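S.K.: One structure coming up, written as structure tokens, with questions to follow.
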Amino acid sequence: MKFEDIKSFNEYTNMRPPRHEMIDIGAYSQDFLLSSPPVYPQFYRVSIKYGLENDKTKGYMYFSSPDHPIEWDTPVPWSGYFINITEALISNNQHLDYSFLNYGLHEALSLKEEEALIMTQLFQAALTEHNKENFAVEVLIAYCNLLFAHVAQFYKRQFGESKEQNSQLTDDFFRLLKNYYIQKSGKMITQPTVNHFANELNITPNYLGDIIKFYTGKPASEHIHQHIIGTAKALLLSQKKASVSEIAYQLGFEYPNYFARLFRKNVGLSPSKFRNQ
């Protein structure tokens, strides 16, 4: 089931109608729907919930994005706050476009007690503004910007504290990348992407990209391009009779010209000049 607007989703979950079609801030109530099969809100949702996982002192933040399903089943109503915000509003305010908005429910942010206090105060302040008779959308956007900036910093703290788990994730990414062309040998091949490896690791592409960048200093896409170029160099030198286009197809490129541009950008030479130097 898809919900194209915030109003229809609020009706489904027994929440009050939104006061603005592009942004809605509220507190979870006793009336909130306790369980739901997978549904697809076509907007971003940011939630802070308390008292989960038998820990009453901390909060947990969850994020969902358009075209990604969410489902839930809770025996008692949640305690906490939420923000619903449309793609259009994010597009018109690029400073709000943080990668964690697309992490999905499986990559929650576990807040320390002092972090939960900061976030609670920001949610409450934003909700106070939202409940005014003549609230200002610009002020709500400013609160979202401050809230999101804190979230980004808290995620960095969480990345650093989860070294063992994230080190394994990083190792798994590089293992999959190293073996990509070996495993695809003789099969229909496509160019490797961050999405592909995220699916293999059962995480969202944005989460994978941020983890890899945090631990290596480079985006996952850059590592992928480096592996493509390294493989391309080996093929160009070992398969002298194969044309550059044939090499490009072996690497999963649908358009050889795109491969040539990527190669020149990274190597400083065209594939042909590299082979003949």
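S.K.: Pick from Phe9, Phe43: which is assigned by TED's automatic domain parsing to the domain that holds Leu109, within 25 Å of Gln121 (Cα to Cα) and modelled with pLDDT of 95 or more?
M.R.: Selected residue: Phe43, the only one of Phe9, Phe43 that is assigned by TED's automatic domain parsing to the domain that holds Leu109, within 25 Å of Gln121 (Cα to Cα) and modelled with pLDDT of 95 or more.
S.K.: Of the residues Phe197, Phe148, which is assigned by TED's automatic domain parsing to the domain that holds Arg19, in contact with a helix residue (DSSP H, G or I) (Cβ under 9 Å, 6 or more places away or on another chain) and buried (at least 17 other Cβ atoms within 10 Å of the Cβ)? I'd like the intermediate steps shown before the answer.
M.R.: Details: Phe197 fails: assigned by TED's automatic domain parsing to the domain that holds Arg19.
Residue meeting the stated conditions: Phe148.
S.K.: Have a look at Ala198, Ala248 and point out the one that is touching a Phe, Trp or Tyr at 6+ places or on another chain (Cβ under 7 Å) and free of Cβ contacts under 8 Å to residues at least 24 places away in the same chain.
M.R.: Ala248
S.K.: Just checking, how many residues over segment 131-163 are aliphatic (A, V, I, L, M), closer than 18 Å to Glu21 by Cβ and free of Cβ contacts under 8 Å to residues at least 60 places away in the same chain? If you could, list the steps in order and put the result at the bottom.
M.R.: From segment 131-163, those aliphatic (A, V, I, L, M) are 136-137, 139-142, 146-147, 149, 151-152; that's our starting set.
From the residues that got through so far, the ones that are closer than 18 Å to Glu21 by Cβ too are 136-137, 139-141.
Adding the requirement that they be free of Cβ contacts under 8 Å to residues at least 60 places away in the same chain leaves 136, 139.
Adding up the residues that qualify gives 2.
Okay, residues lined up against (1) in contact with a strand residue (DSSP E or B) (Cβ under 8 Å, 6 or more places away or on another chain); (2) modelled with pLDDT of 95 or more; (3) part of a loop (DSSP other than H, G, I, E, B); (4) under 26 Å from Ala108 (Cβ atoms):
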site	(1), (2), (3), (4)
Ile203	no, no, yes, yes
Ile224	no, yes, no, no
Lys233	no, yes, no, no
Ala242	no, no, yes, no
Tyr249	no, no, no, no
Gly252	no, no, yes, no
Leu269	no, no, yes, no
Arg275	no, no, no, no
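S.K.: What tally of residues in segment 113-136 results from selecting those that are among the acidic types (Asp, Glu) and in contact with an Asp or Glu (Cβ under 7 Å, 6 or more places away or on another chain)?
M.R.: Of the residues in segment 113-136, the ones among the acidic types (Asp, Glu) are 113-115, 129, 133.
Among the residues that remain, those that are also in contact with an Asp or Glu (Cβ under 7 Å, 6 or more places away or on another chain) are: none.
Residues in segment 113-136 being among the acidic types (Asp, Glu) and in contact with an Asp or Glu (Cβ under 7 Å, 6 or more places away or on another chain): 0 in total.
The values are calculated or read from the model by the stated rules, or taken from the named source; none is laboratory data. Computed from a predicted structure; not experimentally measured. Positions of Cβ are generated from backbone atoms using ideal geometry, with glycine treated the same way; all protein chains shown enter the neighbour counts.
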